[in-house]
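Structure first, then comments.
The values are calculated or read from the model by the stated rules, or taken from the named source; none is laboratory data. This one's a predicted model, so the numbers in the text were calculated from it and none came from an experiment. No Cβ is skipped: glycine too gets one built from the backbone with ideal geometry, and neighbour counts run over all protein chains shown.
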Amino acid sequence: MLPFKRAIPGSLNEGMVIYIEGVINNDMNWFEVDFALGPEPEADIAFHFNLHFDSRNKMVFNSKQSGQWGKEQTKISSPFKEGEYFQLLVMVLQDYYMVKVIGNPSYEFGHQMPFQKVTHLHVQGDVSVHSIHFIDCSSTPIQDAAARSNLLTCNPPPVPYVVNLKEGLTINRTFIIKGFIQNSAYRFAINFNMGETGDIALHINPRIKEGVLLSILIHTDCYEVRNYGKLVFHFQHRVENFTKINLLEITGDVLLSYVQV
């Protein structure tokens with residue numbers, strides 16, 4: 001729900017990626033993301049990203065120190081479109097923030113104050129946000145330009161990928177899976193398994209030849225599966241006791257870049 005104002009887990013580090021996906025409202029006027037030095041509305045802002053939908057449809061980058069805004073950087077004609085799904089990524093690098101809307105060139109904004117002082121992320125405006133994720137790549141800062149262009153390649157999970165869900169599934173829990181399908185690939189599978197019996201509560205077997213970003217949301221009566229924000233299907237629950245569904249397994253011809261459990 002917006003406005004979103006949360007502390008950044010573990011504070012801001014070099015190599016950290018903030019990933020935001022959602023849909024721009026049809027009647028949008030503005031949308032902003034702030035890397036703030038506190039939760040208060042008047043807190044200083046190390047990096048301010050503001051999207052204006054007016055006659056010029058522009059993006060603004062800026063910072064605010066001691067209550068005063070700095071000199072803004074303006075990009076005319078933004079990649080955001082009314083009513084369309086978007087993936088926005090901001091990566092913290094040594095000398096600047098790198099901003100990228102998936103499918104478009106990246107932008108840079110030099111640090112105006114130490115990024116280590118940033119404690120909170122603020123997101124608000126005329127958008128419907130599906131998810132916000134903090135991806136910590138700080139243990140392996142990405143220096144290679146080709147790797148940075150993807151922004152979600154830190155510590156890629158191996159395939160087959162298996163993770164123990166401990167307490168099992170819970171209502172409203174969301175799983176995010178991002179990966180790439182090679183041209184020679186045949187198929188891959190995502191399974192929610194019951195560890196005790198080996199039974200499969202949910203089996204997803206995409207047969208596609210392109211990049212994939214799946215989100216799986218657990219509802220009280222079904223699973224909701226989306227690809228790049230678009231609804232793929234609902235699948236009614238066939239296992240009553242969610243705690244028994246305690247394994248996530250990903251196998252097959254896919255190169256994983258990110259899994260959020």
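Being out of contact with any Asp or Glu (no Cβ under 7 Å at 6 or more places or on another chain) and under 30 Å from Lys230 (Cβ atoms) is the filter here, so list the residues in the range 28-46 that pass it.
Result: Glu32, Val33, Asp34, Phe35.
Within the range 178-189, does at least one residue satisfy the condition of being at pLDDT 85 or above, hydroxyl-bearing (Ser, Thr, Tyr), outside any strand (DSSP E or B) and more than 17 Å from the chain's Cα centre (by Cα)?
No, every residue in the range 178-189 fails to be at pLDDT 85 or above, hydroxyl-bearing (Ser, Thr, Tyr), outside any strand (DSSP E or B) and more than 17 Å from the chain's Cα centre (by Cα).
Can you give me the ranges of the strands (runs of 3 or more DSSP E) entirely in the range 1-51 with at least 2 residues that are in the same structural domain as Val123 (by TED's automatic domain parsing) and modelled with pLDDT under 90? Outline the logic, then answer.
On the way: elements: 4-7, 17-24, 30-36.
Counting at least 2 such residues, we get 17-24.
Residues being modelled with pLDDT of 75 or more and in a loop (DSSP other than H, G, I, E, B): count how many of those fall in the range 208-260.
Summing the residues that are modelled with pLDDT of 75 or more and in a loop (DSSP other than H, G, I, E, B) in the range 208-260 gives 10.
Let me confirm something: among Val123, Val92, Val118, which residue is at pLDDT 90 or above and either touching a helix residue (DSSP H, G or I) at 6+ places or on another chain (Cβ under 6 Å) or not assigned by TED's automatic domain parsing to the domain that holds Glu42 (or both)?
Answer to the selection: Val92.
Quick check on the range 67-117: of everything there that is more than 19 Å from the chain's Cα centre (by Cα) and of a type in the set (A, V, I, L, M, F, W, C), which residue is surrounded by the most Cβ atoms within 10 Å (Cβ to Cβ)?
Phe115
Please state which one of Asp199, Asp136 is out of contact with any strand residue (DSSP E or B) (no Cβ under 6 Å at 6 or more places or on another chain), modelled with pLDDT of 60 or more and not assigned by TED's automatic domain parsing to the domain that holds Met91.
Details: Asp136 fails: not assigned by TED's automatic domain parsing to the domain that holds Met91.
Only one candidate passes the filter, namely Asp199.
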